[in-house]
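The values are calculated or read from the model by the stated rules, or taken from the named source; none is laboratory data. Owing to the predicted nature of the structure, the values given are computational and were not obtained by experimental measurement. Counting neighbours? That spans all protein chains shown, and the Cβs are built from the backbone with ideal geometry, glycine included. In case anyone asks, the SASA skips ligands and DNA or RNA and just uses the protein heavy atoms, side chains included. Shrake-Rupley method; radii C 1.70, N 1.55, O 1.52, S 1.80 Å.
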Amino acid sequence: MKYKTKNRTKIINYLKSHDDKHLTIAEIQRDLKDIPQASLYRLMDSLLEEGLVRKYAIDPSSPCCFQYVDNEHCHEHFHLICTKCGKLIHLECDEVEHLLHHIKDDHGFDVDISKVNLYGLCEECEKESKR
C-alpha cells in the first residue's frame, strides 16, 4: 500500500483533469511548481509501478509522456494521440473489438490493449495542415 501524500494526490488529480492530452514531466513541473522535481520523478515512477500512469514516447527524439490510467476505463480501448498538438482521444468503438477478435482468431495473437497507442493527426490538425 502506497502512502497517499498530498503531492501524490495532487499529481493524480492533475493527470485526471488533463486526460485529453499527453503530458511531459516538464509540463507537469511547470504547472505543479510546488512539487520539487526529484519528488515528481519519484512519484511518477511509483505511479507507473502501481499501474495508475502509463508512459510512452511519440517518437524516439521526443521526451516521454504520461497519462493517468483509469482502471475501469482506459484498459478497454485504444488511444489516439495527435503528433502535432498532443491531443489524446479515447477510442471507444465497436470496430476495435472486431479487430482484436480478428487478430486473436486469425493470427493467434492476444493484444494487450492497455499498451496500444495510435499516432497521427487529429481532425483539427489535419484540416490545418491542408491549408
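Before moving on, here are some points about what is shown:
- Whichever residue in region 32-52 is within 22 Å of Val116 (Cβ to Cβ) and at pLDDT 85 or above and, among such residues, is most open to solvent (accessible area, probe 1.4 Å): Glu49
- Residue count for region 1-16 satisfying the condition of being open to solvent by 70 Å² or more (accessible area, probe 1.4 Å) and in a loop (DSSP other than H, G, I, E, B): 4.
- Options Lys55, Lys84, Lys104: the member that is surrounded by 12 or more Cβ atoms within 10 Å (Cβ to Cβ), of a type outside the set (Ser, Thr, Tyr) and assigned to a loop (DSSP other than H, G, I, E, B): Lys84
- The residue of region 107-122 that is modelled with the highest pLDDT, among those that are hydrophobic (A, V, I, L, M, F, W, C) and open to solvent by 60 Å² or more (accessible area, probe 1.4 Å), is Phe109.
- Considering residues of region 17-30 that are assigned to a helix (DSSP H, G or I) and surrounded by fewer than 12 Cβ atoms within 10 Å (Cβ to Cβ) only, the residue nearest to the chain's Cα centre (by Cα): Ser17
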